[in-house]
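Data block below; observations after.
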Amino acid sequence: MARAIRIESPGEAQRHRETVKALDRRERGQRRVKPGKDGQRRRPLLLASRHDDLCAAVDEVVAFNQIVPRLGASYDLSGDGKTVVKANWGRFYFNPGVNLADAINPNTSDQYADMNWVDRNGDLVYQVGEETTEIQRVGGTVASSIDPNLKDPHTDEASMFVERALMPELGLRAGFVWKKDSAGWQRSNIARPMSAFNLPVTIRDPGPDGTLSTADDGADIAGFNLDDPTRPANQVTGNIPGYEGTYKTFEVSANKRYSSRWSMNASLSYTWTEEYGNLYYNNRFATAVAGGGFSHFGSFPLNPNEKTLNEFNNWSAKITGTIDAGWGLKVSPVVKLQSGAPYARYFSTAMNYGTQIILAEPIGTRRQDAVNLFDFRVEKQIRFATKARLGLFFDMFNTFNSNTAINIKWRSGAAFEKATTVLPPRIAKFGVKFDW
Ligand SMILES: [Ca+2]
Ligand SMILES: [Ca+2]
């Protein structure tokens, strides 16, 4: 019978000892000290630890000291305070969070080693020294490092707005916001650099149906295999040249303060995006970075077959307001309009280094349906005596019961473009509030 044992270090409290748990079904639960058949107490199934040297504290994984300048100015264009120009610029550095420290932390929450086991004395119980070769080890070691020259990513943001008071109650505002993310870092396997993917191959696109050699097949895609698939893993977290993102947004809004029994706030924005990313709306169209979350902005490609620099545009509009409808009724409508998500088709294929997801066309080649929502609230206040007040509410969400798909499958295959999430249905809600 093939046997294995698992040596594990389950948590902080037992950090200095590795307990031994037998994986053989019959041996389970033998970790406690129990009298043996011969009446002798067995020694606890504990091994001396190697954690003391493995998990030495690191007081400073990385330190960033930076200057974060901000500049802002306002100018009264018309001289009467009714038309004002406002300009701002600032640089913002990111809080490194815990990911950088986690990237080199051997003291992970899950730690064990699976070992082959030979039951030398044939008693069906594990004794120290009966373990042989290691099958696998989780935690305790770390196969990743941080580039000592790591820089903290930053964002520069500049904006310019013109604000105009048209009437005492009505204000207009229009402007432009420019934002640029720079110096992104990501965990990469430096033993498999981009340049190592240099064997040209032709990747066949199975088309939307996901099946090769049918009428809908796409054009062949030029790809690259790895020069040597036995190249090892050497994960290093560092800045990647050109790992940036740019966002430009045009915004216009109007604000009418409450007067003549109504108020309103309307806004429209249009954003041009150029960013790295391989996961949108539950669709991942390239490899997830090892270790999860060790990528600062979206995901930089891990090899030349991954197209993760995306350019797309989106818009959104929102109108909210309050209308005094008489008889003490206050009606508050909310209209939200939003462009549908830009998307593209992807499929997976076998390369000499493993399975690779291939984006068949640029993100934005297709676009999901626009999302239009209309909600409203009707409220009535009834006064009693001097102070008491009864409030009645009626809320309606998704008034027109729109069933627009929010998430759809972008992957080639039978489920291509099928919805996985739609808008929540029409919901009506009544409420009563009593103040006294
Ligand atoms: Ca034994
Ligand atoms: Ca096909």
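Coordinate-derived values only; no laboratory data. All values derive from a computational prediction rather than experimental measurement. Positions of Cβ are generated from backbone atoms using ideal geometry, with glycine treated the same way; all protein chains shown enter the neighbour counts.
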As computed over segment 270-381, the Cα convex hull volume per residue (Å³)
134
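Tell me, which longest segment in the chain has none of the GluC sites (Glu not before Pro) that fall in DSSP loops with at most 16 further Cβ atoms within 10 Å?
Details: sites that count: GLU60, GLU169, GLU417.
The answer is 170-416.
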I need the phi-derived Karplus couplings for segment 364-374: 6.51 cos²θ - 1.76 cosθ + 1.60, θ = phi - 60°, integer Hz, Gly and Pro marked x.
x, 4, 10, 9, 6, 5, 4, 9, 10, 10, 10
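Size of the dipole of segment 318-390 about the Cα centre, Lys and Arg at +1 and Asp and Glu at -1 on the beta carbon, nothing else charged, in debye to 20? The partial results should precede the final answer.
Numbers: 11 positive and 5 negative charges, 99 e Å.
Dipole about the Cα centre, nearest 20: 480 debye.
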Per DSSP H run of at least 4 residues, take -39500 (n - 2.57); add these up for the chain, divide by its residues and hand me the 222 nm value, nearest 500 deg cm²/dmol.
-500 deg cm²/dmol
Around LEU302 (Cβ within 14 Å, Cβ-to-Cβ, excluding LEU302; K/R +1, D/E -1) the net charge comes to +4
Between VAL201, VAL98, VAL252, where does the largest GNM mean-square fluctuation fall for the chain, given springs only between Cα atoms within less than 10 Å?
VAL98
log10 I(q)/I(0), Debye, Cα-only segment 108-173, no solvent, q = 0.12, 0.14, 0.16, 0.20 Å⁻¹?
-0.65, -0.74, -0.81, -0.97
Determine the relative contact order of segment 51-186: mean sequence separation of Cα pairs under 8 Å and six or more apart, normalised by residue count, in whole percent.
26
For the chain, the Debye formula with one identical point scatterer on each Cα and no solvent gives log10 I(q)/I(0) at q = 0.13, 0.14 Å⁻¹ as -1.24, -1.30
Any chance you could check the Cα centroid distance between segment 241-307 and segment 320-379 for me, in angstrom?
13
Using Cα pairs closer than 8 Å and at least 6 residues apart in sequence, work out the relative contact order for the chain, in percent.
10
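Can you check what the net charge comes to around GLU163, using other residues whose Cβ is under 11 Å from the Cβ of GLU163 (Lys, Arg +1; Asp, Glu -1)? Before the final figure, lay out each step's value.
Working: positive: LYS82, LYS86, ARG164, ARG173; negative: ASP76.
Local net charge: +3.
Remind me, relative contact order of segment 176-287 in percent, using alpha carbon pairs under 8 angstrom and six or more residues apart? Please list the in-between numbers first.
On the way: 180 pairs, mean separation 33.0, N = 112.
It rounds to 29 percent for segment 176-287.
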Please turn the phi angles of segment 260-270 into ³J(HN,Hα) values with the Karplus equation 6.51 cos²θ - 1.76 cosθ + 1.60 (θ = phi - 60°), one per residue in order, whole Hz, x for glycine and proline.
6, 6, 7, 9, 7, 9, 10, 9, 9, 9, 10
Using the Karplus curve 6.51 cos²θ - 1.76 cosθ + 1.60 with θ = phi - 60°, work out ³J(HN,Hα) for each residue of segment 221-230 in order, rounded to whole Hz, and write x for Gly and Pro.
10, 7, x, 9, 8, 7, 4, 9, x, 8
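Where Lys and Arg each count +1 and Asp and Glu each count -1, what net charge lies around GLU275 among other residues with Cβ under 14 Å from its Cβ? Mind showing how you got there, number by number?
Details: positive: LYS179, LYS180, LYS248, LYS307; negative: ASP181, GLU244, GLU274, GLU311.
After counting each charged neighbour, the total is 0.
What does DSSP give for the chain in terms of the percent of beta bridges that are antiparallel, rounded to the nearest 5? Working shown, then result.
Details: 146 of 150 bridges.
Antiparallel: roughly 95 percent of the beta bridges in the chain.
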